[in-house]
Structure formats: structure tokens, C-alpha cells
Amino acid sequence: MNCAGCQKGNACYQGKSCIEQGYKQPEYQNENNLKILTVASCLEAEYYMKITRLEEVIRFGIEMRYVTVGLAFCVGLAKEAKEFTDIFNMHFKIHSVCCKICGVDKKEYGLPNIRTECYETACNPIGQAKYLNDAKTELNIIVGLCIGHDILFTKYSSAPVTTLVVKDRVLAHNPLGAIYSNYWRRKM
């Protein structure tokens, strides 16, 4: 498969399958999976090009009837996490947890420091997930977790996970900037 380089004019968009066995999933018969798919599709249909991602997350949570939502954030985005928390608190009970939860020294795991002369606390995405699992969150939102840390957080989260902010320190948390900028594209 090379859907990103499709030579068939995205036939799947017209209801055709490019593969014999197909990938229609019986998992959509699961009530919760179907509800997530339905709510997402309804939001897309009603609000296409009308609301921001932040508004989409809020509306999704409301439509899913979530009460308790988790926010797993990078300490480098603490200010933004506070603002998101204030906004989400208007609609949900929020549990926010910083990436440095438990304050474990990087050396304990044999991890390199950014600055060798300083004490550095390790990120703890599994700890973040377990804290939110204990809080019984119904949806967890990632705000700027590092690559790999977001993977571990998602792997250990009991609740469904969505990403509100993707970390990109160079491009102001806008990874698409590398595609849209000729300078960055040449650099790649």
C-alpha cells in the first residue's frame, strides 16, 4: 500500500476498494467504538471549517457525555496547559498531570541530560497515564508530550487519547511548518 502516493485518484473516497480482502472492521459493532465514530462524523459534518481543534475536542467530549477528562502535558507548555484547563473546566471535571510527575532523576534510568552540569528530572509518561487511570478519566488529551513519551502515554492510558498539541520546539508546535516552508523542505 502507498495511499500517500495514490495513482488511482483516491478511489476509496468514491467508495471503491483498492485491495481484495478489504478492511471493514467488525470492531465498529462495538457500541463504544461506533459511538466514537458516529460523534466524530457528526461533528465533521456539522462543523466542517467552522470551529477550531480546541472547540472540536470540547464538543466531542460533550457529545460523548464525558464528565471526567485528563490533560497530560509537557512542563514546557505549563502556561498553555493552565489555559486549556481553565477552558475545559467550564465543561468537564479536569485532572491535569505534568510530564515530570514523581520527580525521578534521569540518571536513575540511565538517560542523558540536556545540560550535563544540572540535575534533570525524567519525563514519566507511564506515570501520567497511571495517574489519569486512577482518576478514572473518560478521555485523555495530550498537550505537547515529546515523541516517544506520547507513545508510552497512549499505550498505558485506559481512556481513549487525543492530541491537542504536538510538540515541535523549532516550529512553534506546528509540525506542518516543515512541509509548508521551502527552507525546511530543502533542509530535509
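The values are calculated or read from the model by the stated rules, or taken from the named source; none is laboratory data. Here the structure is a predicted model, which means the values were calculated and not measured. Quick reminder, even Gly has a Cβ in these numbers, built from the backbone with ideal geometry, and neighbours come from all protein chains shown.
The set of residues from region 42-53 being in a helix (DSSP H, G or I), of a type in the set (A, V, I, L, M, F, W, C) and surrounded by 12 or more Cβ atoms within 10 Å (Cβ to Cβ) comprises CYS42, LEU43.
Please determine, by comparing only the residues of region 25-64 that are β-branched (Val, Ile, Thr) and without any contact (Cβ under 8 Å) to a residue 60 or more places away in the chain, which one is farthest from ASP86 (Cα to Cα). Let's see the steps before the verdict.
Filtering region 25-64 down to residues β-branched (Val, Ile, Thr) leaves 36, 38-39, 51-52, 57-58, 62.
In the following step, the residues that additionally are without any contact (Cβ under 8 Å) to a residue 60 or more places away in the chain were identified as 38-39, 51-52, 58, 62.
Values: THR38: 28, VAL39: 24, ILE51: 19, THR52: 17, ILE58: 12, ILE62: 16 Å.
Checking each candidate, the answer is THR38.
Conditions (1) surrounded by 12 or more Cβ atoms within 10 Å (Cβ to Cβ); (2) more than 16 Å from THR163 (Cβ to Cβ); (3) aliphatic (A, V, I, L, M), marked per residue:
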residue	(1), (2), (3)
CYS3	no, yes, no
ASN10	no, yes, no
SER17	no, yes, no
LYS24	no, yes, no
LEU37	yes, yes, yes
ALA40	yes, no, yes
MET90	no, yes, yes
GLY103	no, yes, no
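Would you say ASN133 is out of contact with any His (no Cβ under 9 Å at 6 or more places or on another chain), surrounded by 10 or more Cβ atoms within 10 Å (Cβ to Cβ) and part of a helix (DSSP H, G or I)? Yes; evaluated as a whole, the condition is true for this residue.
If you take the residues in region 14-28 that are hydroxyl-bearing (Ser, Thr, Tyr) and within 20 Å of THR38 (Cβ to Cβ), which one is modelled with the highest pLDDT? Lay out the reasoning, then the answer.
Step one: list which residues in region 14-28 are hydroxyl-bearing (Ser, Thr, Tyr), which gives 17, 23, 28.
Subset that is within 20 Å of THR38 (Cβ to Cβ): 23, 28.
Values: TYR23: 74, TYR28: 90.
Ranking the qualifying residues of region 14-28, first place goes to TYR28.
Residues considered: GLY70, GLY61. Of these, the only one that is modelled with pLDDT of 95 or more, of a type in the set (Gly, Ala, Ser) and part of a helix (DSSP H, G or I) is GLY61. Taking the numbered list (1) among the β-branched types (Val, Ile, Thr); (2) in contact with a His (Cβ under 7 Å, 6 or more places away or on another chain); (3) loosely packed, with under 10 Cβ neighbours inside 10 Å in turn, ILE58 passes all entries but (3). Scoring GLU138 on the criteria (1) of a type in the set (Asp, Glu); (2) surrounded by fewer than 17 Cβ atoms within 10 Å (Cβ to Cβ); (3) touching a residue at least 40 places away in the same chain (Cβ under 8 Å) leaves a single failure, condition (2).
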